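Visitor: Quick one: structure below, then a few questions.
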Amino acid sequence: MNKAAASPLYRGRFAPSPTGSLHFGSLVAALASCLEARARGGEWRVRMEDVDAPRNVPGAAESILVCLEAHGFAWDGPVRWQSTRRDAYQAVLEQLLAAGLAYPCCCSRKEIAERAGHAALDGGLLYPGTCREGLPPGRTPRAWRLRVENPAGGALEFQDRLQGPQAQQLERDVGDFVLLRADGQFAYQLAVVVDDAEQGVTDVVRGADLLDSTPRQIFLQRCLGYAEPVYAHLPVATHASGEKLSKQTRAPALVAERAAQNLVAALDFLGQSPPAELAGARVGEVWAWAREYWDFARIPRCRGRVWKAGSGGPDPVAAG
Ligand code: GLU
């Protein structure tokens with residue numbers, strides 16, 4: 001590998017949302033994305049996805065970064081903050097509007113509920129297309145949507161490095177999705193696509209809870225003529241009930257004093273079989289072991305695994 005290459009062939013990233021402290025599930029995504037980037041001789045970036053202002057928890061972003069550092073993570077370049085990127089998202093929205101690929105929508109939730117035929121894949125309402133051909137007279141825009149069309153052949157298909165071949169019927173499963181919300185916030189789907197492209201991200205390694213969002217992101221990349229990153233969706237850590245570990249499900253915040261043990265547990269979750277004695281090692285020693293023995297092929301190819309605090313290894317849970 002030519003280390004002097006100006007632009008790496010591989011650029012990965014970790015993109016937490018500051019809606020709470022770092023927990024075990026986010027550590028798994030950070031660790032896998034970082035180790036894979038380093039194993040491939042690439043760069044690893046951190047992007048703070050604070051685009052959804054009402055969901056940001058004060059102090060959470062700073063606490064996530066401090067916690068990452070305490071766990072021995074070192075990222076390339078400065079942290080990118082999505083809250084500073086509104087102008088870029090606005091410019092892309094205008095580009096899509098000018099190309100006729102996006103349109104303003106005046107519908108309230110109630111109006112959509114009255115007309116929606118069936119639920120979208122994420123459990124929300126499938127947009128019935130009311131404003132697709134123009135706003136009804138006298139109405140003003142509330143949100144902006146992307147005009148979604150199935151690719152020739154029907155489904156949007158992609159190959160996930162861990163979850164295998166994927167296919168989604170965009171029109172039936174997600175419909176015309178929102179780019180700029182009625183509350184003035186840019187949608188995650190737009191922000192993530194614009195930033196992954198502008199930051200030159202070649203490989204996305206993240207939790208399988210985002211697998212169903214990926215076809216929307218690929219569709220948007222195609223609309224904008226962006227390169228398509230390679231995707232790998234990791235099993236997400238779940239409680240025994242099958243619920244994803246998250247702030248909402250009271251996942252405990254990671255304790256920096258237990259950084260080495262946390263890293264060893266994450267390596268175990270990722271199928272890397274760290275030796276038991278590593279749990280008593282220092283953070284730097286755990287990283288040295290992980291850098292030497294990281295093997296992407298050993299990551300379990302399921303959508304979720306039960307995380308049991310302080311016990312043996314995790315158990316696989318049913319996909320879906
Ligand atoms: N910010 C998203 C989250 O924390 C992750 C986005 C991504 O990795 O694409 O769930």
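Visitor: For the range 217-256: of the residues being modelled with pLDDT of 95 or more and of a type in the set (D, E, K, R), which is nearest to Arg145 (Cα to Cα)?
Guide: Arg222
Visitor: Please go through the range 262-280 and give me each residue that is at pLDDT 95 or above, part of a helix (DSSP H, G or I) and open to solvent by 30 Å² or more (accessible area, probe 1.4 Å), ordered by number.
Guide: Ala265, Asp268
Visitor: Right, next: Is there any pair with a first residue in the range 60-83 that is within 13 Å of Asn262 (Cβ to Cβ) and a second that is exposed (fewer than 14 other Cβ atoms within 10 Å of the Cβ) whose Cβ atoms are under 7 Å apart and which are 6 or more apart or on different chains, and what are they?
Guide: Cβ pairs passing all conditions: Gly72/Gly284.
Visitor: Tell me which strands (runs of 3 or more DSSP E) are completely within the range 77-180 and hold 3 or more residues being closer than 29 Å to Gly12 by Cα, or say none if there are none.
Guide: So the answer is 156-160, 164-168, 178-180.
Visitor: Pick from Ala251, Ala237: which is outside any loop (DSSP other than H, G, I, E, B) and not polar (S, T, N, Q)?
Guide: Ala237
Visitor: Right, next: Kindly establish whether Val51 is more than 11 Å from the ligand (Cβ to nearest atom), of a type in the set (Val, Ile, Thr) and touching a residue at least 24 places away in the same chain (Cβ under 8 Å).
Guide: No.
Visitor: I want to confirm something. Restricting to the range 7-37 and keeping residues that are away from the ligand (no atom under 12 Å from the Cβ) and outside any helix (DSSP H, G or I), which single residue is least open to solvent (accessible area, probe 1.4 Å)?
Guide: Ranking the qualifying residues of the range 7-37, first place goes to Tyr10.
Visitor: Taking the residues in the range 125-141 that are closer than 17 Å to Leu96 by Cα and in contact with a Lys or Arg (Cβ under 9 Å, 6 or more places away or on another chain) as candidates, determine which candidate is surrounded by the most Cβ atoms within 10 Å (Cβ to Cβ).
Guide: That would be Cys131.
Visitor: Within the range 214-235, restricting attention to residues that are over 27 Å from Gly77 (Cα atoms) and not basic (Lys, Arg), which residue is farthest from the ligand (Cβ to nearest atom)?
Guide: Cys223
Visitor: Does Val283 fit the bill of being open to solvent by 60 Å² or more (accessible area, probe 1.4 Å) and in contact (Cβ under 8 Å) with a residue 60 or more places away in the chain?
Guide: In short, no.
Visitor: Does Gly41 qualify as being surrounded by fewer than 17 Cβ atoms within 10 Å (Cβ to Cβ), on the phi < 0 side of the Ramachandran plot, without any contact (Cβ under 8 Å) to a residue 60 or more places away in the chain and part of a loop (DSSP other than H, G, I, E, B)?
Guide: no
Visitor: Which residues, taken from the range 57-71, are open to solvent by 50 Å² or more (accessible area, probe 1.4 Å) and not in a helix (DSSP H, G or I)?
Guide: Val57, Pro58
Visitor: Continuing with the same structure: Sort through Ser83, Ser63 and tell me the only one that's touching a Ser or Thr at 6+ places or on another chain (Cβ under 7 Å), modelled with pLDDT of 95 or more, among the small types (Gly, Ala, Ser) and on the phi < 0 side of the Ramachandran plot.
Guide: From the options Ser83, Ser63, the qualifying one is Ser63.
Results for (1) over 27 Å from Arg109 (Cα atoms); (2) surrounded by 22 or more Cβ atoms within 10 Å (Cβ to Cβ); (3) more than 16 Å from the chain's Cα centre (by Cα), shown as yes or no for each residue.
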{"site": "Gln166", "(1), (2), (3)": "yes, no, yes"}
{"site": "Val174", "(1), (2), (3)": "no, yes, yes"}
{"site": "Gln185", "(1), (2), (3)": "no, no, yes"}
{"site": "Val193", "(1), (2), (3)": "no, yes, no"}
{"site": "Gly207", "(1), (2), (3)": "yes, no, no"}
{"site": "Pro229", "(1), (2), (3)": "yes, yes, no"}
{"site": "Thr238", "(1), (2), (3)": "yes, yes, yes"}
{"site": "Ser246", "(1), (2), (3)": "no, no, no"}
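The values are calculated or read from the model by the stated rules, or taken from the named source; none is laboratory data. Because the structure is predicted, anything quoted here is derived from the model rather than measured. Glycine also receives a Cβ, built like all others from the backbone with ideal geometry; neighbour counts cover every protein chain displayed. Heads up: the accessible areas ignore ligands, DNA and RNA and are worked out on the full protein's heavy atoms, side chains in. Shrake-Rupley method; radii C 1.70, N 1.55, O 1.52, S 1.80 Å.
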